[in-house]
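To start, the structure itself, in structure tokens.
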């Protein structure tokens with residue numbers, strides 16, 4: 001099957017969302033509720049023109065794909081979600097980007113657990129400890145407390161990722177399968 005030329009493809013936007021709920025939610029249930037809210041607000045014709053779709057959800061944060069012309073309609077549909085499978089829920093749009101990678105790196109805090117446990121700007125682990133100098137997406141520049149860690153290198157920082165700190169990799173779809 002031939003792919004479409006870039007000129008003929010529909011333009012998309014990716015919304016990073018934060019979901020606050022009283023209990024843990026499954027992505028299937030959240031996706032069904034978002035679709036139901038979208039249909040009830042705009043009808044079948046509005047849904048067909050937007051193609052709102054939940055791409056990934058990890059229990060707290062998620063990515064939703066929508067048409068670039070229907071961003072405001074998508075935000076309105078998400079704001080009408082108040083309950084998922086009988087559990088009170090609120091969906092908040094954190095930001096909108098043109099790519100999944102941009103939405104993930106800019107708006108979804110992958111290292112929030114590490115930073116919160118370490119006082120915000122420090123990491124204290126068995127293997128390494130030090131002060132966080134710079135964070136971009138999953139990458140961290142760390143100034144270690146032990147200067148022997150960077151001895152013999154041209155830099156005074158260690159480069160770490162969320163894989164190094166958490167011991168695993170989490171995909172955009174919320175799984176850790178590495179695919």
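Rule-based calculations on the coordinates, nothing more; no lab input. This is a predicted model, so every value here is computed, not measured. Reconstructed Cβ throughout: ideal geometry from the backbone, glycine too, with neighbour counts over all protein chains shown.
With both labels modelled 7 Å from their Cα along Cα-to-Cβ, the residue 134 to residue 5 distance reads 4.1 nm.
State log₁₀ I(q)/I(0) for the range 12-107 at q = 0.23 Å⁻¹ as given by the Debye formula over alpha-carbon point scatterers of equal weight, solvent excluded. Debye curve over Cα of the range 12-107, log10 I(q)/I(0) at q = 0.23 Å⁻¹: -1.20.
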